[in-house]
1. Regarding ARG339, is this residue at pLDDT 95 or above, more than 30 Å from LEU71 (Cα to Cα) and of a type in the set (Lys, Arg)?
2. Out of the residues in the stretch 92-108 meeting the condition of being assigned to a helix (DSSP H, G or I) and aliphatic (A, V, I, L, M), tell me which one is farthest from ARG144 (Cα to Cα).
3. Name the residues in the stretch 503-517 that are open to solvent by less than 30 Å² (accessible area, probe 1.4 Å) and over 27 Å from the mean Cα position of the chain (by Cα), would you?
4. Of all residues in the stretch 324-339 being of a type outside the set (Ser, Thr, Tyr) and not in a loop (DSSP other than H, G, I, E, B), which is nearest to the chain's Cα centre (by Cα)?
5. Which condition does GLY446 not pass, out of (1) at pLDDT below 95; (2) part of a loop (DSSP other than H, G, I, E, B), if it passes all the others?
6. Condition check: among the acidic types (Asp, Glu), under 28 Å from the mean Cα position of the chain (by Cα) and either over 23 Å from LEU470 (Cβ atoms) or part of a strand (DSSP E or B) (or both). Does GLU439 satisfy that?
7. For PHE84, state whether it is in contact with a Phe, Trp or Tyr (Cβ under 7 Å, 6 or more places away or on another chain) and of a type in the set (A, V, I, L, M, F, W, C).
8. Out of everything in the stretch 7-29 that is buried (at least 19 other Cβ atoms within 10 Å of the Cβ) and touching a Phe, Trp or Tyr at 6+ places or on another chain (Cβ under 8 Å), what residue ends up being nearest to LEU292 (Cα to Cα)?
Amino acid sequence: MTIGPATTDRLVPARPADFTGLVRARDAALVDGTGRERLLRGVGLGNWLLPEGYMWRFGPGAESPREIEALFERLAGPSAAAEFWERFRDVFVAEADIARIAASGFDHVRLPINARVIQDDDGEPVEAGYALIDRLLRWCREHRLWVLLDLHGAPGGQTGTNIDDSPNGLPELFMDDRYRRRTLRLWRDLAARYAGDTTVLGYDLLNEPLPNEWQHTYRDELVRLYRDLTAEIRAVDPDHLIVYEGSHWATNWEIFTEVWDDNSLLQFHKYWSSPDRPSIAPYLETRERLGLPIYMGEGGENTADWIYTAHRLYEAHGIGWNFWPWKKIDTPTSPASVRPPAGWDRVVASAAGGSPLLGRAEAGVVLDRLVEAMRLENCEWRPEIVAALTAASPSTLPAWGFGFRGAGRSYRASGSPLERIRADDAVTLRFHVPADDPEQPFEHPGGRTETDGDRIVVDLAPGEWLEYELDPAPDLSRVRVLGPSGSPAPVVVKTAPRGLRVVATAPATLWRIELGGSSTVVWP
């Protein structure tokens, strides 16, 4: 298998899940039960079964699930807090969310699971937690979505950070054999329960194991655990897809030196980095070397410009993806944004410790209001995020977000690329204000607004062109190509095989392409 500038020359059609059989790996790609090749498009249901502090706007003091639970008990009392979590689990991800995800053009969800939800301290299954997963699977089958089961918080913790609910902020999964045994039992229980269930896409064994210094300390232990987990699963389920993530936030793939299971998928994550081929080259090389399919299983938390460009990069190279996350509080970067209720700012302020800034009764009222605000019908819908992900009728695109299929297919130019951004594409990119050239222009925590300093423009000579991938192609009468001042650029626009082509009629500097789209997607 040869990896060129891109591995496909076509756009990926939006298709719902097919439950005829199980999804499997074949020839470095995924195929569904009918044998048809599939390129996954999905969203992550983060915060539902494993709350993360940043999704609530919390900082230190309430970042892990345990800390958030303790905060709510401290503010509202144990009884009110317990009632809140029960209602939260019924509301934060409801059938309305699943129906909207399907109608928006996605084919699967990734379900982050906290071990404490489905396993007690003795390693026994917690039926109430499994009932939540079963309910989600019923909804997803009804609305034609696969479900990727993701162990986001393993017993003892696999990361040593707040994102895995580790009891002591250490990757004790690799330090204490008791946690290792419980993790093996957990995956055997999951696989035995869902063996043969075609709604289940596969088993994502560990989310982002061993970041930072831990990636070196316990490298060999991670490999051994992956091998042992594979054996446990295959003892009860010979057929489901097994998904392995690299270490260091799933970005370090040095452990993938051989194939552990023929029916497996390798997963990387991508945040706050240049969306270009050099940034994913190690993953492409691993796919070619091992002959396994690869998957961008978590990425987002950025501007719509970055989201659009990154996801066209993945699809051009035959990489399925999953966007993170579907919903959180007061966000410009997720499809659904929860409007915080009155008084929520005082709950957030109380997280830092000290005396609570509101009484128990008042805290209970705020939590009640928050639950209602979390219903999808009460959230603020952000169609621009869905449009950026799927390339279906977005309203605007960045000029530097042209396609990734190489010279003659995605562009015709002879320019000088930026050293750190799309360096392998011969198109002149530059910062509009060179003196303010940021070291990391794509680090957009919270989807912060672009500034003049990180504005990237494209220079074209007469006759040079760029192609932008869109489905469907836009109404040309509504397209406006703008320069950095906001004035029309000297170009003509044409319909292209994969969307829109912009051709310079004179020396031109491009900043944005306005399309006037609406991003409504419904299955045919």
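1. Criteria not met by ARG339.
2. ALA96
3. Once the filter is applied, which keeps residues that are open to solvent by less than 30 Å² (accessible area, probe 1.4 Å) and over 27 Å from the mean Cα position of the chain (by Cα), the stretch 503-517 yields VAL503, ALA504, ALA508, LEU510.
4. TRP324
5. Status for GLY446: all satisfied but (2).
6. Yes, satisfied.
7. Spelling it out, PHE84 is indeed in contact with a Phe, Trp or Tyr (Cβ under 7 Å, 6 or more places away or on another chain) and of a type in the set (A, V, I, L, M, F, W, C).
8. That would be VAL23.
The values are calculated or read from the model by the stated rules, or taken from the named source; none is laboratory data. Not measured: the values here are computed from a predicted model. Ideal geometry is used to build each Cβ from the backbone, glycine not excepted, and the neighbour counts take in all protein chains shown. In case anyone asks, the SASA skips ligands and DNA or RNA and just uses the protein heavy atoms, side chains included. Shrake-Rupley method; radii C 1.70, N 1.55, O 1.52, S 1.80 Å.
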